[in-house]
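Enquirer: Quick one: the structure is below, and I'll ask about it shortly.
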Amino acid sequence: MNSFRVKPASPLLASGVKSLHYLESDMPFVLERIVPNGQAHLMINLAEDQFRTYDPIRTDRVNRHGGAVLAGPHARSAVIDTREQRWLVAVEFRSGGAAHFFSMPMTEACDAFVPLDHVWGGSGASLREQLLEAPTPAAKFRVLEENLLRQCRPRFDPAIQYAVSALKRGMPLPRVTEKLGLLPRTLARRFSSQVGMPPKRFARLQRLQRVLGAVSHSPTPDWCGLAMEHGYADQSHLVHEFREMTDITPSGYKPHSPQRRNHIPLPHPSSGV
């Protein structure tokens, strides 16, 4: 397996882009459930001009997308096919960072796979071919950065940047709103447009991610204790939230590894590949 993750070389991209990824592997066919974390990705499948996603509940139902997509911020789980990671280039955006590169409100991309040519026109249509022609991973990263820089329209909203950071740390939403001096509906409107979902939903996703971070260090999680530690009313509340956002219960959470805690291998679908 060849796998590289690098920070963007251009400082102009750093506020919106967390990292660039290159993956080349011989992964077999496995379905993986992806636990949502509120981030968006730009993904280009170099092995085939297609991505497949599966219904989170009925995994025998498949949806097909083009090979270059904006995977919008997800507020609920998604199911993917690991064969599409045989040869892949991707951009991991910071929370709210994708808004710097796409003119559409991020709410329109939430829980969706948007064809890149629909949002970047000719540049989006040709990006996959440009990447295929680039001879090395480093050259492919340069192509990605050049395209990102052409699309970059920094939309810095200090209030939203603060809100994202505070909610990730676990600051209660009313306190964030108070600190910013904004009306709740004003914060919700500005936050949703840039991040792709309301701040309340984002805060719930980040709380879930903090729980998963704690679980990754324990072979036998104490779900009742975790519920109390992370501000749930009780264990039933945690179970309800877990099921709503991941489509599984805490007892069904068997991640790929502690390092890939958002990836949960699933049985093969009965049909539809």
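Enquirer: Given the rule -39500 (n - 2.57) for each run of at least 4 DSSP H residues, summed and divided by the residues of the chain, what is its mean residue ellipticity at 222 nm, to the nearest 500 deg cm²/dmol?
Expert: After summing the helix terms and dividing by the residues of the chain, the value is -11000 deg cm²/dmol.
Enquirer: Which of HIS237, ALA188, ALA227 sits closest to the plus end of the dipole of the stretch 119-273, meaning its Cα is farthest towards the positive end, when Lys and Arg get +1 and Asp and Glu get -1 on the C-beta?
Expert: Selected residue: ALA188.
Enquirer: Within the P(r) computed for the stretch 63-117, what percentage of the Cα pairs occupies the region above 14 Å?
Expert: Tail of the P(r) past 14 Å holds 58 percent of the pairs.
Enquirer: With +1 on each Lys and Arg Cβ and -1 on each Asp and Glu Cβ, and nothing else charged, work out how big the dipole of the stretch 122-273 is about its Cα centre, in Debye to the nearest 20.
Expert: Around 480 debye, computed over the stretch 122-273.
Enquirer: I need to check one value: relative contact order of the chain, counting alpha carbon pairs closer than 8 Å and at least 6 residues apart, in percent.
Expert: After rounding, I find 23 percent.
Enquirer: So, one more: Applying a 10 Å radius around every beta-carbon, put 21-34, 212-225 in order of their mean neighbour count, most first.
Expert: 21-34, 212-225
Enquirer: Can you pull the percent of Cα pairs in the stretch 17-83 with separation above 14 Å?
Expert: 63
Enquirer: Between HIS237 and VAL30, how many nm apart are label points set 7 Å from Cα along the C-beta direction?
Expert: Calculated label separation equals 3.5 nm.
Enquirer: Dipole of the chain, Cα-centred, from +1 at each Lys and Arg C-beta and -1 at each Asp and Glu C-beta, to the nearest 20 debye?
Expert: Taking the Cα centre of the chain as origin, the dipole is about 860 debye.
Enquirer: Could you tell me the relative contact order of the stretch 138-273? Use alpha-carbon pairs under 8 Å, at least six residues apart, and round to a whole percent.
Expert: 13
Enquirer: Where the centroid of each part is defined by its Cα atoms, how far is the stretch 1-79 from the stretch 121-159 in Å?
Expert: Answer, in whole Å: 16.
Enquirer: Using only the Cα atoms, what convex hull volume per residue in Å³ does the stretch 34-173 have?
Expert: Cα-based convex hull of the stretch 34-173, divided per residue, equals 122 Å³.
Enquirer: Extension gain ALA47-GLN161, at 0.36 nm per residue separation less the Cα-Cα distance, in nm?
Expert: 37.5 nm is the gain from fully extending ALA47 to GLN161.
Enquirer: Along the Cα-to-Cβ line of ALA14, 7 Å from the Cα, sits a label point; which residues in the stretch 158-200 have backbone N less than 17 Å from it?
Expert: none
Enquirer: Further question: One quarter of the convex hull surface, Cα atoms only: what value does that give for the chain in nm²?
Expert: Seen from a random direction, the Cα hull of the chain projects 14.4 nm² on average.
Every number in this text was worked out from the coordinates using simple rules, so none of it is lab data. Source: prediction; values computed, not measured. FYI the Cβ positions are ideal-geometry reconstructions off the backbone, even for glycines, and counts take in every protein chain you see.
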